[in-house]
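The values are calculated or read from the model by the stated rules, or taken from the named source; none is laboratory data. Keep in mind that this is a model prediction, so the values were computed, not measured. Every residue, glycine as well, gets a Cβ built from its backbone with ideal geometry; the counts of neighbours run over all protein chains shown. To get the accessible areas, we keep the full protein, side chains included, count just its heavy atoms, and leave off ligands, DNA and RNA. Shrake-Rupley method; radii C 1.70, N 1.55, O 1.52, S 1.80 Å.
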Number of protein chains: 4
Amino acid sequence: MGIQERKQRERERRRQQIMIAAKRVFSVKGFSKTTMDDIAKEAELSPGTLYLYFKNKDELFSSLSIRVLQYLNIRLEHVINSSKPNSVEEKVGALKEAMYDVYKFDSMMLVNMFHLQSSDTVRNLSPQLLENIRELSHNSLGIMSQIFEEGIQAGIFFDMPPMTYADIIWSTFSGIVLWEESKRVFTHDKSYVEQALDTAFEIFRRGIKTTK
Amino acid sequence: MGIQERKQRERERRRQQIMIAAKRVFSVKGFSKTTMDDIAKEAELSPGTLYLYFKNKDELFSSLSIRVLQYLNIRLEHVINSSKPNSVEEKVGALKEAMYDVYKFDSMMLVNMFHLQSSDTVRNLSPQLLENIRELSHNSLGIMSQIFEEGIQAGIFFDMPPMTYADIIWSTFSGIVLWEESKRVFTHDKSYVEQALDTAFEIFRRGIKTTK
Amino acid sequence: MGIQERKQRERERRRQQIMIAAKRVFSVKGFSKTTMDDIAKEAELSPGTLYLYFKNKDELFSSLSIRVLQYLNIRLEHVINSSKPNSVEEKVGALKEAMYDVYKFDSMMLVNMFHLQSSDTVRNLSPQLLENIRELSHNSLGIMSQIFEEGIQAGIFFDMPPMTYADIIWSTFSGIVLWEESKRVFTHDKSYVEQALDTAFEIFRRGIKTTK
Amino acid sequence: MGIQERKQRERERRRQQIMIAAKRVFSVKGFSKTTMDDIAKEAELSPGTLYLYFKNKDELFSSLSIRVLQYLNIRLEHVINSSKPNSVEEKVGALKEAMYDVYKFDSMMLVNMFHLQSSDTVRNLSPQLLENIRELSHNSLGIMSQIFEEGIQAGIFFDMPPMTYADIIWSTFSGIVLWEESKRVFTHDKSYVEQALDTAFEIFRRGIKTTK
DNA sequence: CATGAATGAGGTTTCATTCAT
DNA sequence: CATGAATGAAACCTCATTCAT
């Protein structure tokens, strides 16, 4: 049993090692130009070994992207659970902060994850991984919608389906992140994600405040 | 000159012919699986000929994506120019409609264009094409920001940089479109772009209305 | 038309060129150890070019093997058609000779063809090629059975289904050829195919003669 | 010594265990698609362990094939030894039966063994295994030729080298078995080996009978 | 003896691109 | 201008085999 566990942990460590190496290569060569051989070299492993831990290239890529989703989930659950007597306003603020933290946590992978969602990429993933992503996504959106629902019941938000709020804020977030990336390509501006996210929530909040 | 011109026009016709063929193939095989040979066959041309009209595959792809940007530009210029004594409210409504029309005009290419903006893809484009995209983008955002500026000066919007409004609405739009695609992959829902766009503008407008 | 034809012929020439190169490599390195790169190098072409003429490695291999079947077909048709007033005895003799000639024509490929017939190999072939093989096989066996039928009707052979005769003689032939190869591996004997074939027919013939 | 022996026997048991597992995998996945890992998993051993009992993959494959040769040997020796005062006719009948039993005993491996004999495969075998096969083969053919020799001395067969008889019948047998397999691929017919073997011997026998 | 993680050479195949005609 | 055969680099992935534990 102890042995089983240690092996499992050892295995997980290797996976991490590979994923870290992969990330390093990605950030230098870009996704499409990165080969499995590159990653193997960076991880100081042989190409074949990668396939002991990841079914294929797409799975490795996707596993990387999933980390940010996982991080988001943890953050959101924290917002809901830990702070019991928080006001809705505070929760919305925490939501905003959580999203921005996700961005700071690993912006490169976040961008990649948004691209990953395109149907073209998704087709090659294993059903298991797909289910994994779906679940994480579903869970995160569910929590967001909970927050908005509280707001609605507290009479602070207009009566719209809470899931719509969640969808819109998530769309906006992904749009902002991608747009920031593309702007950086063209204008080399500094990050404007924080400010944009602030503004987006501000707009939400104005609507809220004035309805009192 | 007449001859020059005719040649130029002939050349443009060929480009269009190729782009149309490319689109047909894309919609069937998906982007990553489409080869130059596929396109050549669909266009009833030889592979070599494609390279007389497009520097490389990425250029062909990008040229396709640009069409939606061009369409957006035309629509936005129409909003500003044609309708002289329109109220700001009407202009904002027209802006929303223009964006949704762009989506309907060619959603597949719109999605592709958003993906195209990733730095990974952009690296391979010719400076000329890049400049082209930058200009179209810049112009569109400029017009949007004009509309918002009018609103601000009319005292309808809060005093934020108009370009920020433009950025946010454009981000939100791209986010919605991409999110819709990814949702469709997982849930096979019907299009929710129109509704989401409505809601996003609604949120804007509520903020607007209540500040009077 | 002339152009179409010339292209077709040019194409066929290339196919031959590749097949000849392939054979040369096979005879040196053996089948399983031969790579597409080896063949390309021998043919002084690039690896990619091979795939313009053969769908994959198995198709190339099989196409090679088919040549002996084609040769057999031609020889057998010659036996039936050209010689009108021949006695059955003579035809049987011609049959035997045809089979031996096939062996001399290209023993290496004949051996390979017999191995090819194993279900394991067959699974990867294109339906078209499979049909091709089936047809050639069917035709050859049909002609053999015709010869035996003539013999039966002439009262020379016992009354057994002619196809059974054809099957048996073909089985025996393949067995002899394969056995010869395996013996050569072990004992380095000289070819015994001719003698064995003679003997096999001799046995047949004794049966025939004595039933008069 | 007792210990030595027991170890030896234990070792042999393991070999058998692996070979049985290998066979099970072969019959499902086909030869070319079976990997050492598959076999290890089926045998509930680790891949490395296989190499303690078999020098390499080819040796494992070949060892499997040898079993039918061993079975044939036993059967043939039984024909010669056990039944002392049997007539030649009876012995020939027993020979035929032995061959058919070999086929029924393990047709899959019999087919494989015939393929194994190709020079291509043989190159990788250890000299020891090769010698083993040679010996078994030699012995079997020797016994067959003994039977035919008896026939010749009894004046029943024509005076041909007995070894030629043995070669021919063995060739025919292998040809029939392989041909049956290839036919099954195409036509899905039922087994015709028994009937074909009957016919082949029938032809032999007719020749015999009529020479009296 | 047994393990099984790691190896890494090597195979097949694809496909954007070129260039002689 | 157009062709399309040829290119050839490079990618992904497999799997027989080894060796430290």
Does anyone have the angle between helix B:88-105 and the longest principal axis of chain B? Alpha-carbon axes, 0 to 90°, nearest 10?
-> 30
Might you tell me the accessible area per residue for chain B, computed with a 1.4 Å probe and given in Å²?
-> 50
Roughly what would the spin-label model give for B:GLU10 and A:ARG134, points 7 Å off Cα along C-beta, in nm?
-> 5.5
Once the Cα atoms of helix A:2-29 and of chain A are each reduced to a long axis, what angle between those two axes, in degrees from 0 to 90 to the nearest 10, is obtained?
-> 80
Estimated FRET transfer efficiency (B:GLN17, A:PHE105; beta-carbon r; R0 35 Å; 0.05) | 0.15
With respect to the symmetry axis carrying chain B onto chain C, which residue of chain B exhibits the smallest Cβ distance to that axis, and what is the value in whole Å?
-> B:GLY48, 4
Enter the Cα centre distance for the pair the range A:4-48 and the range C:1-60, rounded to the nearest angstrom.
-> 39
Mean Cβ neighbour count within 10 Å, used as a protection proxy, ranking B:86-92, C:61-67, D:158-164 highest first | C:61-67, B:86-92, D:158-164
Magnitude of the Cβ-charge dipole (Lys and Arg +1, Asp and Glu -1) of chain B about the Cα centre, nearest 20 debye, reported as 540
To the nearest 10 Å², what's C:GLU12's accessible area with a 1.4 Å probe?
-> 80
How well do other chains shield peptide A:177-183, expressed as the mean number of their Cβ atoms within 10 Å of each residue Cβ?
-> 6
So what is the relative contact order for chain B, in percent, with contacts set as C-alpha pairs under 8 Å and at least six apart?
-> 18
Chains D and C: accessible area buried, summed over both chains, 1.4 Å probe, nearest 100 Å², reads 4000
Helix B:162-187: inclination vs chain B longest Cα principal axis, degrees, rounded to 10, gives 60
Each residue of the range A:107-112 in order: what ³J(HN,Hα) in whole Hz does its phi give by Karplus 6.51 cos²θ - 1.76 cosθ + 1.60, θ = phi - 60°, with x for Gly and Pro?
-> 4, 4, 6, 5, 4, 4
Taking a label point 7 Å out from Cα toward Cβ, give me the nm distances from D:ARG15 to the same spot in the other copies, shortest first, one decimal.
-> 4.2, 4.9, 7.5
What order do you get for B:145-152, D:32-39, B:16-23, B:169-176 when each peptide is scored by the mean count of other beta carbon atoms within 10 Å, highest first?
-> B:169-176, B:145-152, B:16-23, D:32-39
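Per-residue Cβ counts within 10 Å, from other chains only, averaged over C:49-59: what number is that?
Per-residue shielding by partner chains comes out at 0.
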Would you calculate the separation in nanometres between label points at B:SER87 and C:LEU52, each defined as 7 Å from the Cα along the Cα-to-beta-carbon direction?
-> 6.8
Which ³J(HN,Hα) values in Hz, rounded to whole numbers, follow from the phi angles of the range D:48-54 under the Karplus curve 6.51 cos²θ - 1.76 cosθ + 1.60, where θ = phi - 60° and Gly and Pro get x?
-> x, 4, 3, 6, 7, 10, 9
Apply the Karplus parameterisation 6.51 cos²θ - 1.76 cosθ + 1.60, with θ equal to phi minus 60°, to every residue of the range C:58-69 and state each ³J(HN,Hα) to the nearest whole Hz, in sequence, with x for glycine and proline.
-> 4, 5, 4, 4, 5, 4, 4, 5, 4, 4, 5, 5
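Please give the average number of partner chain Cβ atoms lying within 10 Å of the Cβ of each residue in C:134-147, rounded to a whole number.
Per-residue shielding by partner chains comes out at 1.
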Determine which aspartates and glutamates satisfy two conditions relative to B:LYS104: a Cα distance under 16 Å, and not lying fewer than 8 residues away in the same chain.
-> B:GLU180, B:GLU181, B:GLU194, B:ASP198
Position D:ASN56, label points 7 Å along Cα→Cβ, spacing to each other copy in nm (shortest first, one decimal) | 2.5, 3.1, 4.3
